[in-house]
Structure formats: structure tokens, C-alpha cells
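Participant: Let me begin by handing over the structure; questions about it come next.
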């Protein structure tokens, strides 16, 4: 039951109607409405409250960097009124490219822009993780595997595929395939990489600095006082 409630919450978050979600999960519509709108819930302390069951499985709130459903309504109203993308962007406080891309990318099948349909389309493209490129392209995976068996570095492989085979691939994609828990590349990274590392070296954050490998010289204003007396050998400046 808990798994179905989680699946029901996920389908509604993707913009699916209650009836369609109930049909897919094989549950009664009354149960779906109870999960969505709220019903009697008995807590661990025995208190009986009215609470939507689906609320316990809601995902994290969306970041402000993404357009919200309310913003998409404003975009639809402005577009229907004949406003330009620049005028709509100024009203929302967004970049012009964000509004223009939204109007182009999330149109419905009839060519019109509907805010709730656009929001549902966005949610269908958001699930993570997505299939890796080397998992979907067997030919490309074979070329990468061949060069790894020849002990080429991922940088050399990426350059070779881009220049001679017309298959540009990011170096990071090859490294992720090598070090993924579910290994896309069949070989062990210790057997194909020159470094022989079984795990990826952690990245250094921007606020972290590498230790010095050269000790800096002592500034002249910090030299000891006995240097000024010139009574010890080596304290004489050359002429």
C-alpha cells in the first residue's frame, strides 16, 4: 500500500489526473481522492486527524531557478494578450531567453501554449538518473572499450572519436562509465587506466588550496637583528 501511495504521489506531481493515476495503479477512484484531498489518519499517539495521505510522499520543493506553474500562467496570459517575450520577462523578473525558450519548447500538440500542459511536460523530462549515453549506444561503447583495452586515456579517446569518427563524447562521460557502480564499461579501471586507481580521486573544491611545495623566502623586513651588525660570516652583502 505504501508503494502505491508513493507512486500515486509521483504521478500527480508529473501532472497526471486522479482518474488516470488510479487506473494505472489499479485502485478505486474514491481511494485516490482520499489520498489526494485528505481523510482520517490516526497518528502514533492515537490522535485522529484529517490529513492528505499523499502529503507524506511529496518531493522536495522546486528550486527558484525553474519556472513555477504560476509563472507559466503569467507567460500564457501575456502571450495570449500579444505581449512580447521581453515584456513578459520583465514582468516576471526572468531572462528573455528563458521565456522565449519556454514558449518554443513546451507547446502542446496543437501548437498552442497551455501553462498546465507545459508544466506537466517539464516534469516528464525531469526524472533522474537518465540512461547514460554509452549504455544506449552499443557501437560507441565498443569503440571506447577497444581503445581502453589498448590503454588509451579517456582524453585521447574523446579526441580520436571527435576528429576521426565524428562521434564527439565528453571525457567525463568515459570516466563516469568506468567508475559507475553498475559498470557500463566491462573492464576494471585499474586494468585499463594508467593511474591504476580503483576509485576516483575526490575533486578539490574552490575554497580549498593545495599545500605549498616551495617554501617562500624570508622577506627582507623580517631578517634577524644580528644581520645588521655584520659580525657573523655570511651576513655581508656582496658589492
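The values are calculated or read from the model by the stated rules, or taken from the named source; none is laboratory data. Treat the numbers as computed from the prediction; the structure is a model and nothing was measured. Cβ coordinates were reconstructed from backbone atoms using ideal geometry, including for glycine residues, and neighbour counts include every protein chain displayed.
This table checks each residue for (1) in contact with a helix residue (DSSP H, G or I) (Cβ under 6 Å, 6 or more places away or on another chain); (2) surrounded by 14 or more Cβ atoms within 10 Å (Cβ to Cβ); (3) closer than 20 Å to residue 17 by Cα; (4) assigned by TED's automatic domain parsing to the domain that holds residue 13.
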{"position": "75", "(1), (2), (3), (4)": "yes, yes, no, no"}
{"position": "86", "(1), (2), (3), (4)": "yes, no, no, no"}
{"position": "97", "(1), (2), (3), (4)": "no, no, no, no"}
{"position": "101", "(1), (2), (3), (4)": "no, no, no, no"}
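Participant: Another question about this same structure. If residue 133 satisfies all but one of (1) at pLDDT 85 or above; (2) closer than 26 Å to residue 10 by Cα, what's the number of the condition it fails?
Facilitator: Of (1) at pLDDT 85 or above; (2) closer than 26 Å to residue 10 by Cα, only one is false for residue 133: (1).
Participant: Here is a list: 6, 24. Which entry is surrounded by fewer than 17 Cβ atoms within 10 Å (Cβ to Cβ), under 28 Å from the mean Cα position of the chain (by Cα) and at pLDDT below 85?
Facilitator: 6
Participant: Checking residue 171 against (1) more than 30 Å from residue 194 (Cα to Cα); (2) at pLDDT 85 or above, which test does it fail?
Facilitator: Answer for residue 171: the failing condition is (1).
Participant: Ok, one more. Within segment 107-136, track down each residue that is assigned to a helix (DSSP H, G or I) and over 16 Å from residue 80 (Cβ atoms).
Facilitator: 119, 120, 121, 122, 123, 124, 125, 133, 134, 135, 136
Participant: Any idea which of (1) closer than 18 Å to residue 194 by Cα; (2) outside any loop (DSSP other than H, G, I, E, B) is the one residue 161 doesn't satisfy?
Facilitator: So residue 161 meets the others, but not (1).
Participant: Could you say which residue among 135, 150, 155 is surrounded by fewer than 17 Cβ atoms within 10 Å (Cβ to Cβ), within 22 Å of the chain's Cα centre (by Cα) and closer than 21 Å to residue 189 by Cα?
Facilitator: 135
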